[in-house]
1. Can you list the helices (runs of 4 or more DSSP H) found entirely within region 1-89 that contain at least 3 residues being closer than 24 Å to Ser102 by Cα and modelled with pLDDT under 70?
2. Mind checking which residues of region 111-135 are modelled with pLDDT of 80 or more, small (Gly, Ala, Ser) and surrounded by 16 or more Cβ atoms within 10 Å (Cβ to Cβ)?
3. Among the residues of region 52-64, what is the count of those that are of a type outside the set (Asp, Glu) and surrounded by 14 or more Cβ atoms within 10 Å (Cβ to Cβ)?
4. Among the residues of region 87-112 satisfying the criterion of being touching a residue at least 24 places away in the same chain (Cβ under 8 Å) and more than 25 Å from Gln138 (Cβ to Cβ), which is nearest to the chain's Cα centre (by Cα)?
5. I'd like the full set of residues that are in contact (Cβ under 8 Å) with a residue 12 or more places away in the chain and more than 11 Å from Lys113 (Cα to Cα), limited to region 131-143.
6. Please indicate, with yes or no, whether at least one residue in region 139-147 is farther than 28 Å from Asp30 by Cα and buried (at least 20 other Cβ atoms within 10 Å of the Cβ).
7. Here are some residues: Arg37, Arg67, Arg72. Which one is surrounded by 14 or more Cβ atoms within 10 Å (Cβ to Cβ), over 18 Å from Ala147 (Cα atoms), free of Cβ contacts under 8 Å to residues at least 24 places away in the same chain and of a type in the set (Lys, Arg)?
Amino acid sequence: MSGALRIVALAALLFGAIALGACGGDDSRDAKNAYVRQVNAAQTGFANTVSTVSQEITPKSSARQDRRTLQRFQSAIEDVVKQLRGIEVPTDVEAEHKQLISAMTGFGSEIRKATAVLRNPTTRTVDEARRTIATASQTVNGQIDAAIAAINSKLRET
């Protein structure tokens, strides 16, 4: 799950950077700052959960334990997606915010696949689940990076 921790670290760094771009007129600035606070709150909750959950998958944990851990991880992804969808998004960054949600939703789908593979664990399926998680983590890292960079750029422009 080190890929998941990397996602959390990347997201924390990039979400925090959004605050630097929230400038403009008072009303616009207030709306952007509210957006930044809400995105940061969603990310912080996600990071806390993932940090705790990711420690539960170890070389000694059983496939059943790993499956339960991945289900908790999946739940954390669903929660953050729900929170992100509930945020009032400044018009300037609606498309980029949707990209962020899409990245997290896609990551959730991949975690769900890995969890399903562990229902009937074999050495092959456990390796397959690990590859799925690693690939999904790499993909979502790039997608989150792109979405946050675009959000930062747009918030700085306006």
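The values are calculated or read from the model by the stated rules, or taken from the named source; none is laboratory data. None of the values given here were measured: they were computed from a predicted structure. Ideal geometry is used to build each Cβ from the backbone, glycine not excepted, and the neighbour counts take in all protein chains shown.
1. Values: elements: 2-21, 26-54, 63-85.
In region 1-89, the matching helices (runs of 4 or more DSSP H) lie at 2-21.
2. Ala114
3. Of the residues in region 52-64, the ones of a type outside the set (Asp, Glu) are 52-55, 57-64.
So of that shortlist, the ones also surrounded by 14 or more Cβ atoms within 10 Å (Cβ to Cβ) come out as 53-54, 57, 63.
Matching residues across region 52-64 total 4.
4. Ile87
5. The initial filter retains those residues of region 131-143 that are in contact (Cβ under 8 Å) with a residue 12 or more places away in the chain, namely 132-141, 143.
Ala134, Thr135, Ser137, Gln138, Thr139, Val140, Asn141, Gln143 - these are the residues of region 131-143 that are in contact (Cβ under 8 Å) with a residue 12 or more places away in the chain and more than 11 Å from Lys113 (Cα to Cα).
6. Pass one, region 139-147, residues farther than 28 Å from Asp30 by Cα: 139-142.
If we keep only those that are buried (at least 20 other Cβ atoms within 10 Å of the Cβ) too, we end up with 140.
Looking for residues that are farther than 28 Å from Asp30 by Cα and buried (at least 20 other Cβ atoms within 10 Å of the Cβ), one finds at least one in region 139-147, hence yes.
7. Arg72
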